[in-house]
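K.L.:
First, the structure itself, so that you have it in front of you.
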Amino acid sequence: MMLEYFRSLESGIEQGLSCGPEGALKARKLFALEVARIGIRLYSGERKIAWCGVLVPFDLLNAMDLVPCFVEFVGSMLANLGSAAPFLEVSEQSGYSTDICSYHRAINGAAMKGLMPVPDLLVASSSPCSGGLSTIERLAGRFEKPLFVIDIPYKHSAASVKRLADQYRRMVRFAEENAGVRLDPQALRRAVANSNLVRDLLVEIFDLCSKRPSPARRNDMINFLLVMSLIFGTDDSVGLAASYRDELLKKVQDGTPGIKREEVRLLWFQNRIQFKSPLEKMLEEEFNAAIVADELNSVTWGPIDPDSPYEGMAERTLTNPLASSVDLRIGHLLEMAEKYQIDGVLNPCHWGCRQGTGARGLIEKALRKNGIPVLNLEVDCIDSRNFSEGQLRTRVGAFMETIRVKKGV
Ligand code: SF4
């Protein structure tokens with residue numbers, strides 16, 4: 001089912017790109033093409049697979065010619081296809097509590113139904129959530145495949161960089177021993193060079209998105225850096241980032257706005273809703289509002305020194321706000337709110353996420369103290385079974401009206 005889906009997605013996008021009109025916007029189509037190709041690599045059985053956690057350094061594994069992917073990719077794809085419910089039910093009927101994050105319930109259900117490709121190895125990490133770690137441990141047991149666990153230090157210091165870098169070195173040896181692959185020093189240098197090129201392009205892309213009006217259309221930036229991180233280190237990642245940068249730059253130079261009339265600028269907290277929902281369209285068409293920033297779309301790390309790649313990758317992980325205390329996360333959100341001139345924050349409060357939803361009170365309090373209103377939505381980003389469009393409309397409508405009155409628009 002999944003391989004056919006990704007193959008037909010790939011051919012449809014390729015066809016659209018080849019016969020689209022001159023000058024048509026294509027960066028998002030190239031993004032979708034990349035998603036399709038990741039899916040094909042995972043499901044075709046042609047290459048060795050590493051199921052991973054979200055914060056694993058994918059450039060390192062890509063340089064070893066593995067197909068690395070965070071397990072949540074499957075939950076997200078199932079939701080996007082409108083097919084998550086049967087897999088959620090399978091996991092719930094087998095005893096998984098509905099209090100567990102639905103990304104992980106969907107993944108476990110998919111594994112039980114044979115929809116998760118059998119990996120050659122697995123790499124879990126202690127951040128961003130213990131649910132991800134437990135899910136990967138469970139998959140390792142189910143598939144009887146070797147598991148490497150990265151313990152991401154909680155605090156960023158010289159000692160923690162060293163500790164994490166040493167774990168990345170051990171991860172490479174683990175992959176070499178268990179998957180029969182090899183990390184060629186030249187391939188690593190190339191991956192680091194590509195990651196640095198992409199990093200610089202990402203800085204430009206997010207700067208362009210912060211312009212007023214923002215040039216990004218309502219769906220352009222959904223899941224952007226999450227997917228981009230999966231292809232870190234590859235030539236494809238450079239091409240995709242460059243196409244985003246070029247397209248957004250041209251729109252800024254031409255004065256082309258992302259949405260027709262941008263009156264309200266919003267920041268999205270953590271993950272977007274992965275199944276089809278009317279939210280972004282409603283914000284644009286009914287409230288002239290744009291989500292101009294996503295918490296997960298930001299560059300917090302510096303260039304990686306090609307002579308110390310493991311330390312550079314460790315620095316990148318440790319500066320990720322999802323890998324540290326809620327205070328750092330709040331500080332990061334406040335910086336983003338200022339940079340993007342945000343009028344309000346939408347927090348989906350994804351059901352079962354101790355990471356994001358668990359911090360909602362502290363985040364709301366801190367942002368409100370700084371004059372930034374927050375709307376905590378009670379939604380599940382994967383499970384559409386309890387999604388109530390009416391309730392969403394009521395809550396978002398009231399929030400938007402408050403902001404619009406305050407702004408006088
Ligand atoms: S939504 Fe929360 S619990 Fe679920 S995978 Fe993401 S961080 Fe983990």
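The values are calculated or read from the model by the stated rules, or taken from the named source; none is laboratory data. Just so it is clear, the model here is predicted, and its values are computed rather than measured. For neighbour counting, all protein chains shown are included, and Cβ atoms are generated from backbone atoms with ideal geometry for every residue, glycine included. We work out accessible area using only protein heavy atoms, side chains counted, and drop any ligands, DNA or RNA first. Shrake-Rupley method; radii C 1.70, N 1.55, O 1.52, S 1.80 Å.
K.L.:
Restricting the first residue to the stretch 346-363 and requiring it to be touching a residue at least 12 places away in the same chain (Cβ under 8 Å) and over 12 Å from Val326 (Cβ atoms), which pairs with a second residue that is among the polar types (S, T, N, Q) and more than 9 Å from the ligand (Cβ to nearest atom) meet a Cβ separation below 7 Å and a spacing of at least six or different chains?
P.N.:
Qualifying pairs under 7 Å: Asn347/Asn376; Cys349/Asn376.
K.L.:
Moving on to the next point. Six or more apart or on different chains, Cβ atoms under 6 Å: show the pairs whose first residue is in the stretch 11-36 and acidic (Asp, Glu) and whose second is surrounded by 14 or more Cβ atoms within 10 Å (Cβ to Cβ) and part of a helix (DSSP H, G or I).
P.N.:
Glu34/Leu240
K.L.:
If you don't mind, there's one more thing I want to ask. Open to solvent by 30 Å² or more (accessible area, probe 1.4 Å) and either charged (D, E, K, R) or in a loop (DSSP other than H, G, I, E, B) (or both), is that true of Glu335?
P.N.:
Spelling it out, Glu335 is indeed open to solvent by 30 Å² or more (accessible area, probe 1.4 Å) and either charged (D, E, K, R) or in a loop (DSSP other than H, G, I, E, B) (or both).
K.L.:
Look through Leu88, Leu133, Leu55 and report the one residue that is within 16 Å of the ligand (Cβ to nearest atom), touching a Gly at 6+ places or on another chain (Cβ under 8 Å) and either in a strand (DSSP E or B) or open to solvent by 10 Å² or more (accessible area, probe 1.4 Å) (or both).
P.N.:
Leu133
K.L.:
Keeping to the stretch 58-69, report how many residues are of a type in the set (Phe, Trp, Tyr) and surrounded by fewer than 24 Cβ atoms within 10 Å (Cβ to Cβ).
P.N.:
0
K.L.:
Follow-up question, since we're still on this one. State all residues of the stretch 91-128 that are open to solvent by 50 Å² or more (accessible area, probe 1.4 Å) and part of a helix (DSSP H, G or I); if no residue qualifies, say none.
P.N.:
Gln93, Met112
K.L.:
Any idea which residue in the stretch 299-332 is surrounded by the fewest Cβ atoms within 10 Å (Cβ to Cβ), counting only those that are within 16 Å of the ligand (Cβ to nearest atom) and touching a residue at least 60 places away in the same chain (Cβ under 8 Å)?
P.N.:
Ranking the candidates gives Ser325 first.
K.L.:
Another one. Would you pick out the residues in the stretch 12-51 that are within 30 Å of Leu139 (Cβ to Cβ), part of a helix (DSSP H, G or I) and among the basic types (Lys, Arg)?
P.N.:
If the condition is that a residue be within 30 Å of Leu139 (Cβ to Cβ), part of a helix (DSSP H, G or I) and among the basic types (Lys, Arg), then Arg37, Arg41 are the ones that fit.
K.L.:
Also, I was wondering about something else. Is there any pair with a first residue in the stretch 211-236 that is within 20 Å of Pro303 (Cα to Cα) and modelled with pLDDT of 95 or more and a second that is among the polar types (S, T, N, Q) and open to solvent by 20 Å² or more (accessible area, probe 1.4 Å) whose Cβ atoms are under 9 Å apart and which are 6 or more apart or on different chains, and what are they?
P.N.:
Leu225/Ser298; Leu226/Asn271; Leu230/Asn62; Ile231/Asn62; Phe232/Asn62; Gly233/Asn62; Thr234/Asn62
K.L.:
Sticking with this structure for a sec: Being within 10 Å of the ligand (Cβ to nearest atom) and either free of Cβ contacts under 8 Å to residues at least 40 places away in the same chain or farther than 20 Å from Tyr168 by Cβ (or both) is the filter here, so list the residues in the stretch 106-128 that pass it.
P.N.:
Ile107
K.L.:
Would you mind stating whether Ile49 is more than 19 Å from the chain's Cα centre (by Cα) and open to solvent by less than 50 Å² (accessible area, probe 1.4 Å)?
P.N.:
Yes.
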